[in-house]
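Worksheet for the structure shown next.
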Amino acid sequence: MIYHTGDDWRGCTARRLILFGMSGLGKTHVSNMLRATGQWYHYSIDYRIGTRYLGEAIDDNLKKVAMREPFLRDQFLSDSIYIKSNITFDNLAPVSHFLGKPGDPAKGGIPIEEFRRRQALFREAEVAALLDTGHFIDRAEELYGYPHFVCDTGGSICEWVAPEDPADPVLTALSARALLVWIKGSEAHTEELVRRFDRAPKPMAYQPEFLDAIWNEYLAQKGVAGTAVDPDDFIRYTYARALAHRQPRYRAMADGWGVTIRAEDVAAATTPEAFCDLVACALDTRAASS
């Protein structure tokens, strides 16, 4: 790791962080708080995915849907309208809309084969965006003069890395340039995330093996064909299991490649200074246990 103790971190003139963990536990909140100081460059993995690596696929999907409607089709083909997603730091919904939900098209679903194809595209995009982190660290300093850097990752980072492999290409590249910080949620946080998701289920990315297993399990348990699956019911069914699947992977990433801070401590750290103190304490805790 590029910082070994709290003193290393406190005395550093170029602080570099990569935040990871379940969505909804404060990664983006912390990133925005740090960015607001004017001293931190905020690199959003999901924004990079949506604008650089999946932008064309997202827009093409919107155009494909528009072409089904004769009124829109005629205007689009005559260049009377322009169709493009509106992805911003504060609105990353076009990425999740592109991922979609598998199941009955009449209920807003897409065929499982198409869902798997989009999942594969997302995986490639997220890995590429993660590997761009070093480039943006250099860009932030050389082009814009930012002394500090924070990378806000998506919840699915743990699906594409092998934390137990000391030569994992993504984790090796990231840890060489910044400190990996796991924002760890409690059981109460998990329960709240499940309740929140149940109210408004959103598409998410899955490890291919996990998706195949959970899809087959769902079909068998519900006794339905893939084309009859209720898309929202499926992703609700999957969510808690996906969180349980990810938890040990996050832990392995933190144990082997970074540090851990608790989500409740992050929520209580209402200033950049308080958050940076949490990071220093986490480094000291790791150093004392090694």
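The values are calculated or read from the model by the stated rules, or taken from the named source; none is laboratory data. Predicted, not measured: the structure shown is a model, and the values here were computed from it. No Cβ is skipped: glycine too gets one built from the backbone with ideal geometry, and neighbour counts run over all protein chains shown. Protein only, heavy atoms only, side chains kept; ligands, DNA and RNA dropped before computing areas. Shrake-Rupley method; radii C 1.70, N 1.55, O 1.52, S 1.80 Å.
Specify which residue in the list TYR53, LEU283, LEU72 is farthest towards the positive end of the charge dipole of the chain, using unit charges on the beta carbon of Lys, Arg (+1) and Asp, Glu (-1), about the Cα centre. Toward the positive end, the furthest listed residue is LEU72.
The heavy atoms of ILE261 offer some 10 square angstrom of accessible surface to a 1.4 angstrom probe. Placing ARG241, ARG246 in order of accessible area, with the largest value first and a 1.4 Å probe, yields ARG241, ARG246. Between ASP198 and GLN75, residue separation times 0.36 nm minus the direct Cα-Cα distance comes to 40.5 nm. With Rg/Rh (Cα atoms, Kirkwood Rh) defined as stated, name the option among (1) 1.25; (2) 1.06; (3) 1.00 computed from the structure displayed. Only one listed value fits the structure, namely (3).
In the assembled protein chains, HIS4 presents an accessible area of approximately 110 Å² (probe radius 1.4 Å). Listed by chain and number, the lysines placed with their C-alpha closer than 27 angstrom to that of LYS63 are LYS84, LYS101, LYS107, LYS202; residues fewer than eight positions away on the same chain are left out. Within the listed set MET22, MET67, MET33, the residue fluctuating most in the Gaussian network model of the chain (springs between alpha-carbon atoms under 10 angstrom) is MET67.
Comparing mean-square fluctuations of ALA188, ALA254, ALA120 from a GNM of the chain with C-alpha springs under 10 Å, the top value falls on ALA188.
Remark: spin-label model distance LYS64-ALA128 equals 1.7 nm, labels positioned 7 Å along the Cα→Cβ axis.
Between VAL170 and GLU264, the simple spin-label model (points 7 angstrom out along Cα→Cβ) gives 3.0 nm. Accessible surface of LEU72, taken over heavy atoms with a 1.4 Å probe and every protein chain present, rounds to 70 Å². Magnitude of the charge dipole for the range 14-285, about its Cα centre and with charges confined to Cβ atoms of Lys, Arg (+1) and Asp, Glu (-1), is about 400 debye.
Backbone N atoms of the range 228-256 closer than 11 Å to the 7 Å Cα→Cβ label point of GLN221 belong to residues 234-242. For the options THR51, THR13, THR153, a Gaussian network treatment of the chain with springs between C-alpha atoms closer than 10 Å singles out THR13 as fluctuating the most. Computed extension gain for ALA162 through ASP90, at 0.36 nm per residue and net of the alpha carbon distance, reaches 22.9 nm. If R₀ is 25 angstrom, what is the calculated FRET efficiency for the pair ALA57 and ALA252, using the beta carbon separation as r and rounding to 0.05? It comes to 0.20. Potential lengthening of the chain between ALA244 and THR37 amounts to 71.0 nm, from the contour at 0.36 nm per residue minus the alpha-carbon distance.
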